[in-house]
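The values are calculated or read from the model by the stated rules, or taken from the named source; none is laboratory data. Keep in mind that this is a model prediction, so the values were computed, not measured. Using ideal geometry, Cβ is built from the backbone for each residue, glycine included, and neighbour counts are taken over all protein chains shown.
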Amino acid sequence: MRNLWIFLSRYNAFFFFIIFFAAGIILTIRNNVYQRSVTFGSTNEIVGTAYKRLNVIKRYLNLVQVNDSLAAENAALKTQLLGIASIDSTQITKVKDTINHQQYTLIAAKVFKNSVTLTNNILTINKGIKDGIAKDMAVISLGKGVVGFVQNVSENFATIRPLLNQETAISVVLKKDNAFGSLVWGDNNFDYRKAYVKEIPNHYKVKVGDTIITSGSGGFPRGIEVGRVTNTNLSTGDSFMTLEITLFNNFSTLQFVYVVKDKFAEEVKSLQPEVKNEQ
Amino acid sequence: MNSRVILVNIFRWMVLLFIQIFLLRNMAFYNLSTPFIYVLFILVLPFHIPNVLLYIIAFITGLTLDSFYDTLGVHTSACIALAFVRILFISVSLNRESIDEPEPSLGNMGFRWFSLYAVLCIFAHHVVLFFLEAFKFTSLTYTLGRTLLSVVFTLFTVLLVEFIFHNRKSA
């Protein structure tokens, strides 16, 4: 017994290392399997508030770009409005489904924590349960493009799993011929301007410069422009092709996002309980 | 341990973590090289600190970093690995009884000893950090490249800070 004690105390550095390192690894694994822990993540009120304070300074530095993007969006909306005003209402033959009329509601939110350098990036926004945000809601950006899905919500904050995360997959189609595909960031991709569209059948003719839009399933309204095809020559070896696209959305300068509230999300979800991967 | 040493270390902890979390977190060269200046805090903890206390401090430091990085456990494990290498290196390279310097800083130990010490500790920390973050061996070369480039960047910032604040003997 005494010898054992001497042995243990002599090599205490090593044994403490084993104990503490195991604790660290267990934390990591738990964290990877389950969703991010609410306690230590940036949904935590203390950490969240610290980031919020700091963000006040950052917001001033980025005012120019935010102004520009707001002005651009304003212009786009005005153009749309003009288009609507000039339509001769007697000519419209297609009547819009009034039940579906307000299917999507947008909740504007400010991003106060963002990262693009990690393997699995996470965003934090300043809206939470109080503002009607729930898990798995889709998130789109102010100008063009998709952002991701709501991962965790607390009373005042929410974290978003953006496209720049290995677990995110978004259902998209080719604008030109409606070929369905799945948008992912890609395994060894660390460029936040690039992403990949997988599982498009080989018989579709895709050209460089084709536009990719959202398919309308999984919480995103149909027709949001996601990006432009930049490379079609990636061989996969099976009957599906993989396209490299450049995203319209610049994740590194993300300031404001819209959380999309889908009125029928619950209903659709209850119909297809077994579909899990394709959100 | 007198109270001055404790206060200095608490102050150092707060400043280094503040810089790491609010400044360096947004900094990277092409997503390849990221500096982790906060390891300097564990590097220059006093010589006579008990092993278990060193591990606990490293654990808490890593946990704090993880909270802000949203990577629970990754920095914690990396800091523990760093603490282990620190203990090993000090016990191999120095005679524990004859240490008369308070802490292993650049000014106290000289450039050659300190840079070797820093390289080994930072390398252990970064290897654990980046491999736990990737959590797979398929992108081995990429992760290794990221690790080595980040070691260079971190080492550069650590030596820079040490040269600015701790060069007492030559001054």
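Here are some notes:
- Conditions (1) under 20 Å from A:Ile18 (Cβ atoms); (2) part of a loop (DSSP other than H, G, I, E, B); number of the one not met by B:His48: (1)
- Answer from A:Thr232, A:Thr211 - the residue that is hydroxyl-bearing (Ser, Thr, Tyr), outside the structural domain of A:Ser141 (by TED's automatic domain parsing) and modelled with pLDDT of 85 or more: A:Thr211
- Within the stretch B:53-87, being facing chain A (nearest Cβ under 7 Å) and aliphatic (A, V, I, L, M) holds for B:Leu72, B:Val74, B:Ile80, B:Ala81, B:Ile87.
- Each residue in the stretch A:202-229 was checked for being over 19 Å from A:Ala169 (Cα atoms) and β-branched (Val, Ile, Thr), and 2 of them qualify.
- Selection over the stretch A:152-211 of residues that are within 14 Å of another protein chain (Cβ to nearest Cβ) and not small (Gly, Ala, Ser) gives a count of 19.
- Listed here are the helices (runs of 4 or more DSSP H) enclosed by the stretch B:54-171 that have at least 3 residues being under 14 Å from the mean Cα position of the chain (by Cα): B:74-93, B:111-134, B:140-165.
- Residue match in the stretch B:7-18 (condition: more than 8 Å from chain A (Cβ to nearest Cβ), under 14 Å from the mean Cα position of the chain (by Cα) and closer than 23 Å to A:Ser9 by Cα): no
- Test: residue in the stretch A:82-102 that is surrounded by 10 or more Cβ atoms within 10 Å (Cβ to Cβ) and either modelled with pLDDT of 80 or more or more than 30 Å from A:Glu225 (Cβ to Cβ) (or both): no
- Among the residues of the stretch B:65-111, those that are acidic (Asp, Glu) and buried (at least 24 other Cβ atoms within 10 Å of the Cβ) comprise B:Asp66, B:Asp70.
Let's see how each residue does on (1) over 19 Å from B:Phe156 (Cα atoms); (2) β-branched (Val, Ile, Thr):
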position: B:Leu7; (1), (2): yes, no
position: B:Asn26; (1), (2): no, no
position: B:Leu40; (1), (2): no, no
position: B:Ile49; (1), (2): yes, yes
position: B:Thr64; (1), (2): yes, yes
position: B:Gly73; (1), (2): yes, no
position: B:Arg86; (1), (2): no, no
position: B:Ser91; (1), (2): yes, no
position: B:Asn108; (1), (2): no, no
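- Only residues that are modelled with pLDDT of 70 or more and of a type outside the set (Phe, Trp, Tyr) were counted across the stretch A:5-45, and they come to 17.
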